Amino acid sequence: MADPATDGTAREPVACAVIRVDVKSKRFGDVLVLGDISFTIAKGETLALVGPSGIGKSTLLRILSGVDHDFEGTVIRPDAMAFVFQEPTLLPWRSALQNLLLVHPRLSATDARERMAEVGLAGKELLFPGQLSLGQQRRLSLARAFAGQPELLIMDEPYASLDSDTGDAMLRLTEALIARHRPASLFVTHDMREADRLADRVLTLCPHATGATLN
Ligand SMILES: Nc1ncnc2c1ncn2[C@@H]1O[C@H](COP(=O)(O)OP(=O)(O)OP(=O)(O)O)[C@@H](O)[C@H]1O
């Protein structure tokens, strides 16, 4: 693994920023994991976060999402945020529709069904997650994320471990949902093809010696 100390510097205009990140440093004990990382994401803009294993991508996501407050710097984030993880994280004993409504209790059943139809799951509302294919489970987790009309969408390797056809279909679906709902989006990926296709800009976390780049 590369030197885990990371020095990322990425600056650009801040107009219409949905999230504003200015991390000076993040340490675990004496170990510097993240250095100087500054960026914003505007409404409708998608940023890919890439870098080698162990460089600090998940650590940065935890800081951005507000789970980890133990760092130097500031993050200004919106209230309405949604997360999509590698695993769909569905409750197996609840139907697909209930999985949506549990997270969004104010959503009407009609709206929830519309959200499911939007991701190609019309007619699957009453099935349990175990009765859905992995691709359908991922679609449901996307529907759940977009159902709250998030201002900021954070995705952590959302297409990992899918076969190439399913991954491609999910990528197309995500593109369409982002184009329609226009959240600011940030996603972690190891796949530069995914990053080039989905992202407007790519933030690369690099070892301390070489810094980080924003393209
Ligand atoms: N709670 C913790 N305590 C101590 N060190 C940690 C902790 N969490 C992560 N680290 C270390 O911080 C560094 C960055 O880890 P992180 O999980 O953020 O990397 P990553 O880029 O997401 O890796 P991957 O792509 O493999 O998921 C690693 O060296 C890891 O061992």
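Our summary gives the chain a relative contact order of 32 percent, counting only alpha carbon pairs under 8 angstrom and 6 or more residues apart. For Arg62 and Ser108, the difference between the fully extended length at 0.36 nm per residue and the C-alpha to C-alpha distance is 13.5 nm.
Residues in the stretch 75-82 carry Karplus couplings, in order, of 9, 9, 10, x, 6, 8, 10, 9 Hz; the curve used is 6.51 cos²θ - 1.76 cosθ + 1.60 with θ = phi - 60°, and Gly or Pro positions show x. Segment Arg193..Thr74, full-extension length gain: 39.7 nm, with 0.36 nm per residue of separation and the alpha-carbon distance subtracted.
Residues whose amide H lies under 5 Å from that of Val202, counting only those 5 or more places away or on a different chain, are Ala48, Asn215; hydrogens are built 1.01 Å from N in the peptide plane. Ranking Thr89, His104, Leu49 by Cα position along the charge dipole of the stretch 43-183, where only Lys, Arg, Asp and Glu carry charges on their C-beta atoms, puts His104 farthest toward the positive end. The calculated FRET efficiency for the pair Phe128 and Arg201, based on their C-beta separation and a Förster distance of 30 Å, comes to about 0.15. The calculated FRET efficiency for Asp22 paired with Ser161, based on their beta-carbon distance and R0 = 25 Å, is about 0.15. For the stretch 32-45, backbone phi angles converted through the Karplus equation (6.51, -1.76, 1.60; θ = phi - 60°) give residue-by-residue couplings of 7, 9, 10, x, 7, 10, 10, 6, 10, 10, 8, 3, x, 9 Hz, Gly and Pro being listed as x. DSSP assigns beta bridges within the chain; of those with both partners inside it, close to 50 percent run antiparallel.
A simple count of charges around His181, restricted to other residues whose Cβ falls under 12 Å of its Cβ and scoring Lys, Arg +1 and Asp, Glu -1, yields +1.
Applying a DSSP loop filter and a limit of 14 other Cβ atoms within 10 Å to the trypsin sites (Lys or Arg not before Pro) in the stretch 34-127 leaves Lys43, Arg94, Arg106. Using θ = phi - 60° in the Karplus curve 6.51 cos²θ - 1.76 cosθ + 1.60, the 3J(HN,Hα) couplings for the stretch 162-168 round to 9, 5, 5, 5, 5, x, 5 Hz; x is entered for Gly and Pro.
Quick note: the coordinates plus some simple rules give every number you see, no bench work behind them. All values reported here derive from a predicted model rather than from experimental measurement. No Cβ is skipped: glycine too gets one built from the backbone with ideal geometry, and neighbour counts run over all protein chains shown.
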